[in-house]
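Every number in this text was worked out from the coordinates using simple rules, so none of it is lab data. Quick caveat, the model's predicted, so the values are computed rather than measured. Heads up, the Cβs are rebuilt from the backbone with ideal geometry, glycines too, and the neighbour counts pull from every protein chain shown.
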Amino acid sequence: MRGFLTQVRDMRPSQPPGEAATLAAMKAWVLHDIGGPQSFVLEEVATPEPGPGEVRVKLTASALNHLDIWSSLGMPKPHLPHVAGADGAGIIDAVGEGVTAVRPGEEVVVNPSVGCGVCAACLRGDTPLCSTYQILGEHRWGTLAEYVVVPDRNVLPKPEQLSWEEAAAYGLATGTAHRMLRRARLSAGDVLLVVGVGGGVSSAGLALGKAMGATVYVTSTITDKICRAIQQGAAGGFNSTNQFAKDLKRELGHGADVVLENVGPATWEQSVRSLEPGGRLVTCGSTSGTKVEITVPYLFFKQLEIMGSTMFDYDEFAAVTDLVGDGRVPVALDKIFDFGELPAALARLEAGQQLGKIVLRF
């Protein structure tokens, strides 16, 4: 990896958060190319200034997502140079013109789902369908830096009972899982199957499913992850490399009402076959590939529903913040690294070793 650079570069975000950049420097992990996770370079760059309606947050902790790896691989390709990172928490240190709802010194959590807030999609609660929609760390500079600038509507007060690491970790994953389960109409008493437990969204799906009164089962290729998921409240688990649809139905005598899926082709057929007639599968990702096959007669004879879900809106982020803030939904942390240890943290994420969120501490 290229060494740390001490000179200050005038590298503004591709969609700059403010109209002017301060002369002061901040440390950031910067992508100059899309050669994979090894492309991140620790550098000093110009600290951004908040524009009208925006705030600057001095980050105390940030958390990783697979989005950071995909960005480094150009899926999709960010405008370079780029600072990835969707999740973070810290202290507001500057506000832009017209900001009155928050003030410098307040401890906040950053919402990575950025909509305009005024279009028809935003007003009906479909922020991800906003025509100017952005994800922090994908479409605009993110939280793998000492400071981040976001619209003032994209910060909420940090729940007092959460540690900085917990506050930084829940945003993207728990918000995404919450919207998925809401769209899938999960109800108390339902059976929920979480496929590929271990990552942030699936770990959050387990916690949310329990809090919503569902009986939750999980799958994984790693026995230890299944055992740890059971310790966290799962009713049982199955090896993803086997025919887990048969294993689930053999154990329960029936299928799942809802399947939370983000793996893709490696598990897709078994996930669909795990459903009880009339069941719902909801997906937010495809870590094993982008194309799957659907047996159409099986779909319509069983009257199954397959739906996609992406990120979340502002009300959903507020609801999730309340859930984790009062302890109804625990935040699953895997391992905490220092900010300078990003390469090791990404290696753990890429290897799929985690159960919960990987956090960087400043």
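Listing for the model above:
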read-out: Helical mean residue ellipticity (222 nm; -39500 (n - 2.57) per DSSP H run of 4+; nearest 500) of the chain; value: -7000 deg cm²/dmol
read-out: For the stretch 206-283, radius of gyration divided by Kirkwood radius, i.e. Rg to Rh on alpha-carbons; value: 0.92
read-out: Relative exposure of 357, 249, 291, 225, judged by other C-beta atoms within 10 Å (fewest first); value: 291, 249, 225, 357
read-out: Which listed pairs, of 77/302; 77/357; 225/291, have C-alpha distances above 31 Å, in listed order; value: 77/302
read-out: Of 30, 197, 259, the one that fluctuates the most in a GNM where the chain has Cα springs shorter than 10 Å; value: 30
read-out: Residues with amide H under 5 Å from that of residue 216, placed H, sequence gap 5 or more; value: 192, 235
read-out: Computed FRET value (nearest 0.05) for residue 235 with residue 290, which takes r as the C-beta separation and R₀ as 35 Å; value: 0.65
read-out: About the Cα centre, charge dipole magnitude for the chain (Lys/Arg +1, Asp/Glu -1 at Cβ), debye; value: 860 debye
read-out: Over the stretch 65-168: Kirkwood hydrodynamic radius from C-alpha pairwise inverse distances, Å; value: 14.6 Å
read-out: Ascending count of other beta-carbon atoms within 10 Å, so fewest first, for 164, 141; value: 164, 141
read-out: Evaluated over the chain, the Cα radius of gyration and Dmax, each in Å; value: 20.4, 65
read-out: Cα lying deepest toward the dipole's positive end in the stretch 176-308, options 197, 274, 238, charges on Cβ; value: 197
read-out: Overall Cα dimensions of the stretch 176-308, principal axis frame, Å, largest first; value: 38, 30, 28
read-out: Distance from the stretch 128-203 to the stretch 305-333 (C-alpha centre basis), Å; value: 6 Å
read-out: Centre separation in Å (Cα based) which lies between the stretch 342-362 and the stretch 36-56; value: 20 Å
read-out: Most positive-pole-ward Cα, 292, 303, 214, against dipole of the chain from beta carbon charges; value: 303
read-out: Cα centre as origin, Lys/Arg/Asp/Glu Cβ charges: the stretch 76-234 dipole, Debye; value: 700 debye
read-out: Ranked 127, 295, 287, criterion: other C-beta atoms within 10 Å, fewest first; value: 295, 287, 127
read-out: Span from the the stretch 63-89 Cα centroid across to the the stretch 239-298 one, whole angstrom; value: 28 Å
read-out: Positive-pole candidate from 108, 262, 248, dipole of the chain, charges at beta carbon; value: 248
read-out: Student exercise, the stretch 66-113 dipole from Lys, Arg, Asp, Glu Cβ charges, in Debye to nearest 20; value: 220 debye
